[in-house]
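Visitor: Structure in structure tokens, see below.
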Amino acid sequence: MGWQVIWIVLKKELLDLFRDRKAWLGTFLVPLVIIPFVFFLLGNSYSNVEKEAREYVPLAVHGSSRLIALLQENPGVKLLQPADPEQALQAGQLRAIITIPESFDEQIQAGKTAKLHVAFDSTNSKSVYARDLIEQTIERYSKEIVAKRLKQAGLSEQAIQPITPDFQNVASEERQSGGMLAGFIPLMLVVSLASGGIASANDLVAGEKERGTLESLLTAPIAANHILTAKLLAVMVMSIMSAGASLISVSLVMSVGPFGGAGDHFSLAFFSPVTLLVLIVVILLMAATFAGLELMLSTIAKTFKEGQTYMSGVIFLAMVPSYMLMPQSPVDIAEHYYALPVFNGVALCKEVFYGKVDPVHALVGIGSSLVYVAITIFFASRLFRREGAGLKN
Amino acid sequence: MIEVKEVSKQFGTITAVRDLTFRVEEGEVYGLLGENGAGKTTTMRMMATILTPTSGDIEISGFSVRHEPLEVRRRIGILFGGEVGLYSRLTARENIAYFGSLYGLTSSRVQQRIDSLSRILEMESFIDRRVGAFSRGMKQKVAIARTLVHDPDVILLDEPTTGLDVTAATIFRRMVARLQEEGKTILFSSHNMGEINKLCKRVALIHKGKLRFSGGLDALRKQFGTDDLDDIFMAVVEGGKL
């Protein structure tokens, strides 16, 4: 009878939530609208800046040298002579100012080191691009001069290049792709799991309390724990749907979005049956932890609005571990993080996306998560069964 | 049958109900009278097992609210006034069916009960519409149907006509009379003396959580020496003869 009651309540809760615009917005707005929007906006803005930086490179040159001709060979380079070059650089009308001393070419011909002054603006990314372009051109010119000097001295180029290193990247393409995703997917996954259930959890207890429906429900001949279990499962369903939508959204952005280079390497081949299973278990446990916590806060709150205030802390709880571990590779993550709530889920997610899950880490992470789930559900249940918990006043 | 035995309820330092004792016989419509804040809703909530008495006990159909809450809940139907507690995104039918299935009714029995109740309460035209846009009277009809879907022996009505217009209140009173004919035990709480006069023969009058009178309306009138129930009510509230 217990499971039958849970199923009846769960079916009704899901029907009710699926008809609730607030719950839909809370579950899908962030993953399906905001994430792609931010990615596209960022991607487009970066590619536009890069395009503009390449297409038009206005420079001012004081002095003369063969280097100027080499610079002009680069597409987009235009030499300008503004009245006040320093001010033009500050205003972004110039990307860099090159000052060549009078004896520049003579010093080079004499086999000496000639000095060159380049002024640029590090806060302007287009100016930084111009600086890189000038540096590459100088390097090209320097190689030309070195080759000429070596020839005059009767030496080959190998004389100044005794070692040629051959660097080999041992990370497979799958791992490189996973490594790229491991940086931000755990963050998105954890935040979606936390945020996806907030509106539902708040509606299912604080909202019901406010509308008086919980009081009626508590007069039915069913155990309060069965009601809570059904509500917990309903919140978990919404959280997992939100997390699933986040993953789909990121996959689409990575494969068809403006990050062309990232899309070329994008692959889900780092998933093996084992890593996929670990990811599913981690998602379920984190969803249960957040759902338990959110229902606990929703039970404490007397009104929907009060519940919303309490829930903002849950997002904070999800973001701190995700941001802290975001730049770290799994090999750098300290062992104790696998036993800390939320941190354990983020750390295991990273291992999954790197394609290699340490069995001890998985055991500690999943085991400790089970304990945290039990603790949150225990307290949520105690609060929910407390006398008068379902009453508004 | 409802038997309230020396029941008290305390919230911190506030005593909401003090040593309340009265008995509602099987098949009787009994009035629970008192002004707002007198302790009527607290008493009803204890009967519905939402609150536990601090001392004393209540028996409903022989089951203790303190020791056998699930058995009590199986036998009662409770209707709250004011906020009727319906799911606004569900249709009237879905609201009633949900509670029917929670009381263990089969789906065919639930549909049978919904058809019968929607006919009696004249809800056929809106039974498949979502409750959110309903008027106060329509919502109250759905709430009554939800209360009665499992055909309970004991019906608790807590200020059920609050906010209803004259027509809706009249339909409601007819429904109560019909339930009485079916032999249901009904506890009707109200602060409206006229309504109590129309429906009940016996009442319990409470003020500031204490029982001031229990017995027949005729005995109440005789004790006060007046037929005007409103005057009697005011005398109790203002600490008169009683």
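Each reported figure results from applying straightforward, stated rules to the coordinates on display, with no laboratory input. Keep in mind the model is a prediction, meaning the values are calculated, not measured. Counting neighbours? That spans all protein chains shown, and the Cβs are built from the backbone with ideal geometry, glycine included.
Visitor: Any chance you could tell me what percent of the C-alpha pair distances in the protein assembly as shown go past 31 Å?
Guide: Distances greater than 31 Å cover 66 percent of the Cα pairs.
Visitor: Taking Cα atoms of the range B:119-186, Rg/Rh with Kirkwood Rh, to two decimals?
Guide: 0.95
Visitor: Then there is this: For chain A, modelled as a GNM with alpha-carbon contacts under 10 angstrom, which of A:Ala60, A:Ala339, A:Ala287 fluctuates the most?
Guide: A:Ala60
Visitor: Right, something else. What does the charge add up to near A:Asn225, with Lys and Arg as +1, Asp and Glu as -1, over the other residues with Cβ less than 14 Å from its Cβ?
Guide: +4
Visitor: By count of other Cβ within 10 Å, fewest leading, how are A:Val190, A:Val33 ordered?
Guide: Ascending Cβ contact count within 10 Å gives the list A:Val33, A:Val190.
Visitor: Related question: Sorted from fewest to most neighbouring beta carbons within 10 Å, what does the list A:Glu335, A:Glu294, A:Glu306, A:Glu13 look like?
Guide: Result, fewest neighbours first: A:Glu335, A:Glu306, A:Glu13, A:Glu294.
Visitor: Restricting to DSSP loop positions (anything but H, G, I, E, B) with no more than 15 other Cβ atoms inside 10 Å of their own Cβ, which GluC sites (Glu not before Pro) remain in the range A:74-165?
Guide: Passing both the DSSP loop test and the Cβ count: A:Glu102.
Visitor: I would also like to ask the following. If we count every other residue with Cβ under 14 angstrom of B:Thr170's Cβ, Lys/Arg +1 and Asp/Glu -1, where does the sum land?
Guide: +2
Visitor: Determine, for A:Ile185, B:Ile206, the number of other Cβ atoms within 10 Å of each Cβ, and report the residues in order from fewest to most.
Guide: Going from sparsest to densest Cβ surroundings: A:Ile185, B:Ile206.
Visitor: May I pose another question? To the nearest µm²/s, what D does Stokes-Einstein give for chain B at 4 °C and 1.567 mPa s, using the Kirkwood radius over alpha carbon pairs as Rh?
Guide: Roughly 70 µm²/s, to the nearest whole number.
Visitor: How long are the semi-axes of the ellipsoid equivalent to the range B:1-86, from square roots of 5 times the Cα gyration tensor eigenvalues, in whole Å, largest first?
Guide: Square roots of five times the eigenvalues give 18, 16, 14 Å.
Visitor: May I ask you to derive the FRET efficiency for A:Tyr323 and B:Ala219 from their Cβ-Cβ distance with R0 = 51 Å, giving the value to the nearest 0.05?
Guide: Computed FRET efficiency for A:Tyr323 and B:Ala219 comes out at 0.10.
Visitor: What range in chain B is the longest one free of GluC sites (Glu not before Pro) that are in a loop by DSSP and have at most 16 other Cβ atoms within 10 angstrom?
Guide: That gives B:36-121 as the longest site-free run.
Visitor: How long are the semi-axes of the ellipsoid equivalent to the range A:54-160, from square roots of 5 times the Cα gyration tensor eigenvalues, in whole Å, largest first?
Guide: So the equivalent ellipsoid measures 29, 15, 11 Å along its semi-axes.
Visitor: Just the number, please: percent antiparallel of the DSSP beta bridges in the protein assembly as shown, rounded to the nearest 5.
Guide: Bridges in the protein assembly as shown that DSSP calls antiparallel: roughly 50 percent.
Visitor: Given the options B:Lys40, B:Lys222, B:Lys141, state which has the largest fluctuation in a GNM of chain B using a 10 Å cut-off (strictly under) for Cα springs.
Guide: Per the Cα network of chain B with a 10 Å cutoff, B:Lys222 tops the list.
Visitor: Another question about this same structure. In peptide B:95-102, what is the residue-averaged number of other protein chain Cβ atoms found within 10 Å of each Cβ?
Guide: That average works out to 5.
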